Amino acid sequence: MRLIYVVHIVAGGLALLSGYTALYSAKGAAVHRKSGRLFVYAMLTMAVAGTTIAAIRNVAPSVNLPAALLTSYLVITALTAVRPPSASARWLTPGLMIIGLAVGLTSLTFGFEAIASADGKGRDGMPAFPFLMFGVIGTLAGVLDLRLMRVGGLTGASRLARHLWRMSFALFIAALSFFIGQAQVFPKPVRIMPLLALPVLAVLVTMLYWLWRVRVRRSFRGLVATVGAPGVVR
């Protein structure tokens, strides 16, 4: 069992290092591709090890199992978003959508149970926030998977945005689990909540920036180009 803990810790460290590298490196460059590939492998390894620990040692399974399933689901669907379409991907998407919706709806149920707990201690001693967060992300991602199957696929900016936000949220969950969830491992001089929250919030801020670059800015440029084109009535 000690080996599983070592694998979980090492994989988690590699996931954070490679995830931040991919997030802040030039998109599409060799560094981004290599660090992104390492992030996928490390996250999946960490999730499998975490699932094993939560199930065998009964370590907060109601929150750790959904976290592991959700991060795996987000990473895999983000990876398939930038891979060439294939026959296997057509079968993979519905299965992953079911996982995303199942995790999302189950977590929402747990979150409402935590809010309504009579003793005010949440569900299994956990507050409502992580359950509600996993619930909203999982349900939203599953609904977007359903939309993807209905339209038959995504291209261009929509495809990049799907890849970006899912990878970023997977990194956000990993960063939140480490910097906030494991705050006790940090030395006391730096164990300051606003300080530990900075790398977690940085993921969200950077994700929003890149989504703006990919979707809003490109759309605005296209609008300007159309309005300014010769023969267009203004």
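The values are calculated or read from the model by the stated rules, or taken from the named source; none is laboratory data. All values reported here derive from a predicted model rather than from experimental measurement. Every residue, glycine as well, gets a Cβ built from its backbone with ideal geometry; the counts of neighbours run over all protein chains shown. For accessibility, only protein heavy atoms count, side chains too; no ligands or nucleic acids. Shrake-Rupley method; radii C 1.70, N 1.55, O 1.52, S 1.80 Å.
Here the condition is being without any contact (Cβ under 8 Å) to a residue 12 or more places away in the chain and within 16 Å of the chain's Cα centre (by Cα); of R37, R33, it holds for R37 alone. A residue that is open to solvent by less than 70 Å² (accessible area, probe 1.4 Å), on the phi < 0 side of the Ramachandran plot and modelled with pLDDT under 90 can be found somewhere in segment 112-120. Taking the stated definitions as given, is V7 within 23 Å of I137 (Cβ to Cβ) and modelled with pLDDT under 95? Considered against the rule, which asks whether it is within 23 Å of I137 (Cβ to Cβ) and modelled with pLDDT under 95, V7 comes out as no. Condition (residue is open to solvent by 10 Å² or more (accessible area, probe 1.4 Å), touching a Leu at 6+ places or on another chain (Cβ under 8 Å), of a type in the set (S, T, Y) and without any contact (Cβ under 8 Å) to a residue 24 or more places away in the chain) applied to segment 59-74: is it met by at least one residue? Checked segment 59-74: no residue is open to solvent by 10 Å² or more (accessible area, probe 1.4 Å), touching a Leu at 6+ places or on another chain (Cβ under 8 Å), of a type in the set (S, T, Y) and without any contact (Cβ under 8 Å) to a residue 24 or more places away in the chain. A Cβ distance below 6 Å, combined with a sequence gap of six or more or placement on separate chains, defines the contacts here; from segment 1-21, residues that are farther than 16 Å from T71 by Cβ reach residues that are open to solvent by 20 Å² or more (accessible area, probe 1.4 Å) in the pairs I4/T52.
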